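Right, one structure below, let's go through it.
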């Protein structure tokens, strides 16, 4: 999953190690999420968003597509 | 302080973790990731210690069973006692899995899938093509354990390598 973790980390001047310590995960987990090799659990995703005081969709990209798909399904069911 | 220095001085690294990592117990730290949580390292070390103890007790129990003339009920006692470290191993593994970091859990899960898949593949082949023999158990167990161990080591190294390679990029952002 694409995300803006690296940019947000830079904005808050946080190193991977520091963020890992805040989130109580290993630095490898932060790195793997950052480079898109690992999708975090829902709990961790919410914790990451909370650290940067942003909504989850600001940190993790691609959620708009899911929202659009939901809207399309709703519109289809309304039309029926 | 650069991020490299910050990571090197990180309290979760084995080098900085204090006397608990010195001596023979340090041999049981299989995955020495820099940045791995101390809790995960302790859990992993406990699992490895129990695994070695279990194997040692199993071998000893087998030697006692085959070389000594012990009465029947006592043989069963030896066999039952040999399962104690096995039980502790399973319990410590579950603890490690439950409390583990997300990457650690992912690696363990993939390794278990590799082990199970290999055991299934080899097991089916052996059962269908090789006549019933006492080596069936070993023929299935050994590839399973090997596949699990190899996957853990390779995945652990890959994760550690990725994280190490990304430190320089991390510094650029700062």
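For residue A:36, indicate whether it is surrounded by fewer than 19 Cβ atoms within 10 Å (Cβ to Cβ) and in contact (Cβ under 8 Å) with a residue 60 or more places away in the chain. Here the answer is no, as residue A:36 does not meet what is asked.
Does residue A:8 satisfy being touching a residue at least 40 places away in the same chain (Cβ under 8 Å), touching a strand residue (DSSP E or B) at 6+ places or on another chain (Cβ under 6 Å) and within 14 Å of another protein chain (Cβ to nearest Cβ)? The answer is no for residue A:8. Taken over the stretch A:14-58, the criterion of being more than 11 Å from residue B:101 (Cα to Cα), in a helix (DSSP H, G or I) and within 9 Å of another protein chain (Cβ to nearest Cβ) is satisfied by A:16, A:17, A:18, A:21, A:31, A:32, A:33, A:34. Is it the case that some residue within the stretch B:118-126 is crowded, with 17+ Cβ neighbours inside 10 Å and within 14 Å of chain A (Cβ to nearest Cβ)? No, that holds for no residue. Would you mention how many residues in the stretch B:111-148 are within 22 Å of residue B:97 (Cα to Cα) and at pLDDT below 90? Total satisfying the criteria: 1.
Would you call residue B:151 under 20 Å from the mean Cα position of the chain (by Cα) and within 11 Å of chain A (Cβ to nearest Cβ)? Criteria not met by residue B:151. For the structure I just gave you, tell me whether residue A:67 is assigned to a helix (DSSP H, G or I) and away from chain B (no Cβ under 14 Å). Here the answer is yes, as residue A:67 does meet what is asked.
The values are calculated or read from the model by the stated rules, or taken from the named source; none is laboratory data. This is a predicted model, so every value here is computed, not measured. All Cβ positions, glycine included, derive from the backbone under ideal geometry; neighbour counts span all protein chains shown.
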